[in-house]
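Have a look at the structure below before the remarks.
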Amino acid sequence: MSRTILTILIWVGVVGLGVGFGGGVFEKLTAQVATVPGSENERALDLREQAGGPAGQHLTVVVTGGADAGPALEAARTMPGVTEVAPPLPSADGQAVLTDITLTAEATEAQAGAVAERIRAAAPGRITVAGGPLTDTEFGMQAQSDVQRAEIFTLPVVLILLIVVFGGLVAGLMPLMVALAGTGATFGILYLGSFVTDISVYAIQVATMLSMGLAVDYGLLLISRYRTELAQTADRDEALRRAVAKAGRTIAVTGLTVAASLLGLTVFPDAFLRSMGLAGAGVVVVDMLAVLTLLPAVLRLVGGRIKPARAAAGAGVFGRLAHAVQRRPLLVTLVTAAGVLLLAVPSLHLRLTNSDARALPATTETRKQYDVLAAHFPDLVGPDAIAAVVRSPAGAAATADFAARVRSVPGVSTVEVVPVSADVSVVRATPAHQPWTADGRATLQAVRDLPAPFEVLVAGDAARLVDYRAMLAEYGPWAALVVLVATFALLALFTRSVLLPVKAVLTSLLSIAAAFGAIVWVFQDGHLASWFGTGRLDAVDLTVPVLVAAIAFGLSVDYEVFLLARIRERYLQSADAREAVAVGLQQTGRIVTSAALLLVVVFAGFLLGGFAPIKEIGLGLVVAIVLDATVVRMLLVPATMTLLGRANWWPSRPPARPSTVDRELVAAG
């Protein structure tokens, strides 16, 4: 008992240090997303800033309904942080007036907010103020509030489901205890990581959601095994020892595999992806260790209140499903794979973009202003300008010659030269095509390829998108290699097989492809988009595919290991490859289904928010989990393993066939 208490006290100390010491990470978080250090876009922005530009931050004021904002705008001239208020610009239809307010580069969000409130108060509901630090903050706050809303919604639902699945309040609370321990300890990991790389503000929320989901997964596996062992012995300590010995190896392998899939994100130079990988891998490892140490210690104290699993009557629904699949394994394989691939077809025309105001809910100030601008100033909601930062004075003949050549590039509609300093200027080109289109990328590349007698660095939305795509293309294969090699090695050691790790990777990729297809079909193409509180967005946020792929792959392999562990255990007992598949599916079917249901609830909470990228992640993960836990795990995996038979376990030698083989299908409980 003393060792049990010591283990619990150690975890209390770890979590206390994580929350107390690691709380410092909240002061070091960044809201910057999708940036590539050292890219041409970033170097262009650095050059412009070093040369003294931009002169400041900008707020856009749009007045409609004939409201008089003149006195408020005049008052704003003298407010802290304001350097200039531009003359009003009426719309072509005469129904709106636009004004630009320039703030100092050092103006704080609070100062910008004070200016906005002063102007809006002149005619509430008829004046919108957005842009600059206000819009940046609104994007960040919307994403955070969406994840927090998801947590508030999912926590009580998950608790109710846990009580139902585990058959009692005490057992149901245990995974939440592990989730809290994992999240608290991860704060400390992120704080240490902040000294090496920037930590995204979104990493905290993602870590929290992952902690809850994986704590449920691993806790369900261990407690279910404990209840199964209780049905075999009245000695609760012995039942716990057996449960940890049998389920612990599975949990360790799944935890390391999921952590490896998320650590693949640290290969990318983007701080957003790196911090997501660090946070995700950290919480996975901590959850795994908590389930293997803290949860058994708690079970020793309160395990007497957990009931043994009930004996199964007959084969069970999952056993019958397995036998049905095994009667037509080739047909099931072909039909199932074709069905999943059909769902993946829309992903073939996936387009990536930087999220604009349309990604925000209609109630936000930035989105309101976007809609007003689209109605009265349609030219201002077109593609963002291509900004060529040049080391040449604005009035120089060479600069004028370069601007003329930019104007001749196909897809460029207007060009202007903006002075920045004595020897730096910006040639701003208005493109005719959106940056996510092939024409938009071609226009940007043509501008970048123009020869010039001075240094030219091109920035803007199109440049940022092209640079980010190039970064994904350069580092993506290395990230994939890290994940695939680690996954293959861990699964090969676990199964003593070469074919099973390959099959696990391929089936996981099927689920991910289908998830991408659903994201594209709904958000990019606009089908059923209104069901999710948004409209057609024409493209997908550029950070979504990588995040969905990393998380979905890890969770998919998670379920694969759950299933393979029981199949291998039965195969070693019976030497009957076909029967082992059916028994393994019967014993893990309830666990996988319950775990998937709980994770679907966790990630479905993302769909309740208003920020489109969060919704895209939520839909992608929900689709991937549902398909993987049902179609892939219950149909495709048993069908392919039945076809392969003993070849599944090559090059391992088949186990000696016992003299008496128990062919009763047993349930996991």
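See the values below:
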{"quantity": "Tail beyond 20 Å, pair distance distribution of segment 373-458 (Cα, percent)", "calculated": "33"}
{"quantity": "Virtual spin-label span in nm between I8 and D235, 7 Å along Cα→Cβ", "calculated": "2.3"}
{"quantity": "For the chain: relative contact order, % (alpha-carbon pairs under 8 angstrom, 6 or more apart)", "calculated": "19"}
{"quantity": "Estimated FRET transfer efficiency (L506, M141; beta-carbon r; R0 41 Å; 0.05)", "calculated": "0.50"}
{"quantity": "Isotropically averaged projected area of segment 179-243, using the convex hull of Cα atoms (one quarter of hull area), nm²", "calculated": "5.3"}
{"quantity": "Qualifying aspartates and glutamates (Cα of each under 13 Å from Cα of K615; at least 8 residues distant if same chain)", "calculated": "D146, D541"}
{"quantity": "Two-site FRET efficiency, F26 against A492, from Cβ-Cβ distance with R₀ of 51 Å, rounded to 0.05", "calculated": "0.80"}
{"quantity": "Label-point gap, in nm, between A404 and D538 - each point 7 angstrom along Cα→Cβ", "calculated": "3.3"}
{"quantity": "Surrounding net charge for S261, when Lys and Arg each add one and Asp and Glu each subtract one, Cβ distance under 15 Å", "calculated": "-4"}
{"quantity": "CD proxy at 222 nm, helix term only [per DSSP H run n ≥ 4: -39500 (n - 2.57); per residue of the chain; nearest 500]", "calculated": "-20500 deg cm²/dmol"}
{"quantity": "Descending principal axes extents, segment 183-333, alpha-carbon based, whole Å", "calculated": "55, 50, 21"}
{"quantity": "Longest exposed-site-free window of the chain, the sites being GluC sites (Glu not before Pro) in a DSSP loop that have at most 10 other C-beta atoms within 10 Å", "calculated": "107-663"}
{"quantity": "Sequence of D146, D217 once ranked by neighbouring C-beta atoms within 10 Å, starting from the fewest", "calculated": "D146, D217"}
{"quantity": "Rg and Dmax of segment 270-417, Cα atoms only, in Å", "calculated": "30.4, 89"}
{"quantity": "For segment 511-616: span of alpha carbons on each principal axis (Å, largest first)", "calculated": "55, 21, 20"}
{"quantity": "Stretchable slack from R305 to E151, in nm (0.36 nm times residue separation minus alpha-carbon distance)", "calculated": "52.6 nm"}
{"quantity": "R0 of 41 Å, Cβ-Cβ distance A375-L350: FRET efficiency to nearest 0.05", "calculated": "0.85"}
{"quantity": "Selection of chymotrypsin sites (Phe, Trp or Tyr not before Pro), segment 191-226, meeting DSSP coil and at most 11 other Cβ within 10 Å", "calculated": "F195"}
{"quantity": "Reduced Cα scattering model of segment 52-161, Debye log10 I(q)/I(0), q = 0.09, 0.15, 0.19, 0.24 Å⁻¹", "calculated": "-0.32, -0.68, -0.93, -1.28"}
{"quantity": "Separation between Cα centres of segment 252-308 and segment 590-652, rounded to whole Å", "calculated": "18"}
{"quantity": "Gain in span if fully extended, V196 to E569, counting 0.36 nm per residue against the direct Cα distance", "calculated": "130.0 nm"}
{"quantity": "With Cα atoms, 0 to 90° folded angle of helix 397-407 axis to the chain main axis", "calculated": "50"}
{"quantity": "Pairwise label distance in nanometres, E84 with R469, each label 7 Å out on the Cα-Cβ vector", "calculated": "3.4"}
{"quantity": "Cubic angstrom per residue, convex hull over Cα atoms of the chain", "calculated": "166"}
{"quantity": "Under 18 Å from the L17 label point (7 Å along Cα→beta-carbon), backbone N, segment 175-209", "calculated": "181-195"}
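Any read-out appearing in this document is the output of simple, stated calculations on the displayed coordinates, not a laboratory observation. Quick caveat: nothing in here was measured; it's all calculated off a predicted structure. Quick reminder, even Gly has a Cβ in these numbers, built from the backbone with ideal geometry, and neighbours come from all protein chains shown.
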